[in-house]
1. In region A:117-146, what count of residues is obtained for those that are closer than 25 Å to A:ALA310 by Cα, surrounded by fewer than 22 Cβ atoms within 10 Å (Cβ to Cβ) and out of contact with any helix residue (DSSP H, G or I) (no Cβ under 9 Å at 6 or more places or on another chain)?
2. Any idea how many residues of region A:23-58 are hydrophobic (A, V, I, L, M, F, W, C) and in contact with a strand residue (DSSP E or B) (Cβ under 8 Å, 6 or more places away or on another chain)?
3. Looking at this structure, is A:ASP139 in contact with a Lys or Arg (Cβ under 9 Å, 6 or more places away or on another chain) and of a type outside the set (A, V, I, L, M, F, W, C)?
4. Kindly indicate which of A:ALA209, A:ALA239, A:ALA202 is surrounded by 24 or more Cβ atoms within 10 Å (Cβ to Cβ), under 14 Å from the mean Cα position of the chain (by Cα), at pLDDT 95 or above and within 14 Å of chain B (Cβ to nearest Cβ).
5. Can you tell me how many residues within region B:151-184 are in a strand (DSSP E or B) and not aliphatic (A, V, I, L, M)?
6. Tell me, please, whether a residue that is crowded, with 22+ Cβ neighbours inside 10 Å and within 18 Å of A:SER232 (Cα to Cα) can be found in region B:176-189.
7. Within region B:13-23, which residues are surrounded by 14 or more Cβ atoms within 10 Å (Cβ to Cβ), facing chain A (nearest Cβ under 7 Å) and modelled with pLDDT of 95 or more?
8. Is it the case that region B:293-312 has a residue that's among the charged types (D, E, K, R), touching a Phe, Trp or Tyr at 6+ places or on another chain (Cβ under 9 Å) and closer than 21 Å to B:PRO11 by Cα?
2 protein chains.
Amino acid sequence: MPARLFPSGDPTMFEEFWRGTGAAAEIVIPGWQTMSYFSDVGNVCWFLEPGLDQEVRRVHRLVGNAAVDGYHVVVGTGSTQLFMAALYALSPPAGAGAGAAPMSVVSTAPYYSSYPAVTDFLRSGLFRWAGDASSFRGDTYIELVCSPNNPDGAIREAVLSSAGSGVAVHDLAYYWPQYTAITKRADHDVMLFTVSKSTGHAGTRIGWALVKDRDVARKMAKFIELNTIGVSKDSQLRAAKVLRAVSDAYELPEAGDARRRRLFDYGRRKMVERWRMLRGAAAASGIFSLSEETSALCNFTKEMAVTNPAFAWLRCDREDVEDCAGFLRAHRILTRSGDQFGADPRYVRVSMLDRDDAYDIFVKRLSSLR
Amino acid sequence: MPARLFPSGDPTMFEEFWRGTGAAAEIVIPGWQTMSYFSDVGNVCWFLEPGLDQEVRRVHRLVGNAAVDGYHVVVGTGSTQLFMAALYALSPPAGAGAGAAPMSVVSTAPYYSSYPAVTDFLRSGLFRWAGDASSFRGDTYIELVCSPNNPDGAIREAVLSSAGSGVAVHDLAYYWPQYTAITKRADHDVMLFTVSKSTGHAGTRIGWALVKDRDVARKMAKFIELNTIGVSKDSQLRAAKVLRAVSDAYELPEAGDARRRRLFDYGRRKMVERWRMLRGAAAASGIFSLSEETSALCNFTKEMAVTNPAFAWLRCDREDVEDCAGFLRAHRILTRSGDQFGADPRYVRVSMLDRDDAYDIFVKRLSSLR
């Protein structure tokens, strides 16, 4: 499929890094291990491997991107399952008043295209997609706040006041030093993360939620119990090992090649280089525009850092092109159209995380368009 | 938690077997492997690891319990996710006529207690639980046929005619030689299996569906894409390795200890022994009854085999005990009450798959009750 370039945000860019980490990130599981459904029967999230809980808290303490003290960790099969779990936990329960309207789920456009699809595909009576948060009227809602935002990389805060019975779920999948400056320790009620974007292990399907309220955490765990009776232990062990390798490279720097094994340094170098290439290609072409580069002091690196989003939000400025995705597809570049994100189809979302060879082809093709 | 005995069907009995298989069932995953979301982009189930597809088909051919030729394999995060995926795929789509009634989901009582809970917890507009199949009236439905049945081990067939627009989903989680005679090669439209019950790897959360119709398989895969963006690759690789070890022990018997490594032989020996102990304990107590032992010629072993269900469906015959689960709980035996299975609370379901030490305590306690 030569035309299948970048439709998905597949983070295979990181393979190169993990080829260099050897035994530190390798996992061995004997046939008899982790056979039980249970991981930690005393925990609200009874299927959470204690080793993963520990490494999740450790990496957040290292990076300083999210508060963990006083939070419950709920593990999910990727953050998508946790997104559904949060909707389930934050909506009024099925028994609460027959005929009660489903909870409205909103997010400011452009919003991640999966939000409406995942909210509505089962036509749940508990919650339903209600569109762009900025035009929402009402005081009972769940607001999804993705920051840095998928698709456009914007740093976001909730736009609706939580004064009514509104609650916010913060999707912080991209709030890591390779993509943006870490400017504060986030301490929202429900925060979602995933190894897919932090370390690049999308196939491992491990996400986690940091949840302040015990009852919300308990309901999220209940969702996952009913949906999949817990979460793959093999993947939890692997995610723990990988996160441990990440933290070790910063916290146990005695090994001679520790510097080479620093994930966020690697990721930042790659992203800076890729964004430089992309901006060069857009300039060479002359028909595309990208959001302005912004920068801030990163509390993790203690240096000024520009924002290098995991996706480019590309606008085609040619007057005769109203469907940018279609235009690019005709030139063998697959992207996701802006209209899937509740936005103008002159925009497309392009993954910045593909393997080098595919990324190079993309940039080359883009720069040649007139 | 000394009282926490057998609430769940945790298949830890099999740990002992897998401690003896060494490298044959051990998996090693380097840090850079299986990072992509994708496994097989040309497959209807694009997140299915080809190695798992292969070993699933191989073990079914070895055992002869299900047809695989012409079937699509859809992998899930345990068979629970596939159960939901099947409901989604077999119900009319959301767009099909506003106000259309949800599809009725039924199963003959006693039915697996998760069926109603999983069907209804999101209050889907696509499907809803409609109770005992034997009292259902209507010709549009999904009938769940669990055989051998959870909780009572009965061999079952669909009770509703599929003449209308009714369809059946066959949950064959327990249709393996350790539990029952393999009497025919099942060839239903949708058949669900899981490593949790076949090999005992519940923590791995891998199930699979064998699906005849391509469009149904495609919709089931779509459900899993929206729910969890695929299924843990690490667990798929592990399940493939474990299933391969199972088949190798029968098909490559040149190794000196192959006999010792034959899972179904081991499982059958253990289950025969455990059922003998349980029937002895029930007789010693005098206040419990169990279903009659049945037997049939097993096409896999070519021998007569008695049925040794993974759960015992135990009835307390004491006139003054109307709540058997409560009675047993007072004697520190945790079971699941019959009323959770749409049946009489004089019955309870007891797991037969716990570790030896826990099983021995259970049998000892049971035999002492009067």
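1. Residues in region A:117-146 being closer than 25 Å to A:ALA310 by Cα, surrounded by fewer than 22 Cβ atoms within 10 Å (Cβ to Cβ) and out of contact with any helix residue (DSSP H, G or I) (no Cβ under 9 Å at 6 or more places or on another chain): 2 in total.
2. Qualifying residue count, region A:23-58: 9.
3. no
4. Checking each option against the conditions leaves just A:ALA202.
5. Number satisfying all stated conditions: 2.
6. Scanning region B:176-189 turns up no residue that is crowded, with 22+ Cβ neighbours inside 10 Å and within 18 Å of A:SER232 (Cα to Cα).
7. The answer is B:PHE14, B:GLU15, B:TRP18.
8. Among the residues of region B:293-312, not one is among the charged types (D, E, K, R), touching a Phe, Trp or Tyr at 6+ places or on another chain (Cβ under 9 Å) and closer than 21 Å to B:PRO11 by Cα, which makes the answer no.
The values are calculated or read from the model by the stated rules, or taken from the named source; none is laboratory data. Computed from a prediction, not measured in an experiment: that's the story for all the values here. For neighbour counting, all protein chains shown are included, and Cβ atoms are generated from backbone atoms with ideal geometry for every residue, glycine included.
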